[in-house]
Amino acid sequence: MYRLFLKTHNKGLKYLCKSEQEEWKKYLGSGVYWKRYLKIYGKGIETKLLFETNDLEEFKKVCLAESKERNIVESEDYANLIMENGVDGGGGGDYWLGKGGEDHPLFGRKRSDLSERNVENNPMNNLETRAKLSEKNKGKHEIVTCPHCGKSGGSRAMKRHHFDNCKEKNNG
Ligand SMILES: [Zn+2]
């Protein structure tokens, strides 16, 4: 018998899981996030049967439909890291990065560690570099006048086509 059931932790987190075992109520679930959560917050869980069938194809459909409807992967209410498709396990490598917001108490690692913004040696965190960059950016919008033809414009474009590159330069 294939069974799909919902586990609700007494702290509120939910976990959608499936089992083919007769002892399904004792099955704690295999998700990485969920298991860590249980390790930290204990095993106060309620298990509610959602669906059971002997038909694997039907089971897969129901699993996917429930996963989608509950939005288990994206929802912070669910510990699931991947869609429950009825056949694969509930584990799932680095998918946990998508859960739990910025600080991740379960993994002792920040989700945003992977984002550029928070990299320690990101030049944007360095005030001096920032000042230099903003000077540079100012330059882009500086209006300059070509001494050869008298045209004015943004310094970047002007330097490309005027000043030393000006058509009028050699016509003097
Ligand atoms: Zn010019």
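A few remarks follow.
- Contour excess over end-to-end distance, with Cα ends at V87 and S75 and 0.36 nm allotted per residue: 2.2 nm
- Residue-count net charge about W24 - beta-carbon cut-off 12 Å; Lys, Arg +1, Asp, Glu -1: +2
- Each Lys or Arg adds one and each Asp or Glu subtracts one; over the other residues with Cβ under 12 Å from the Cβ of H161, this totals +4.
- Cα pair count fraction exceeding 19 Å, expressed as % - the range 1-60: 29 percent
Readers should treat all values here as calculations from the given coordinates under stated rules, not as data from a laboratory. Model, not experiment: these values are computed from the prediction. Backbone-built Cβ (ideal geometry, glycine too); neighbour counts: all protein chains shown.
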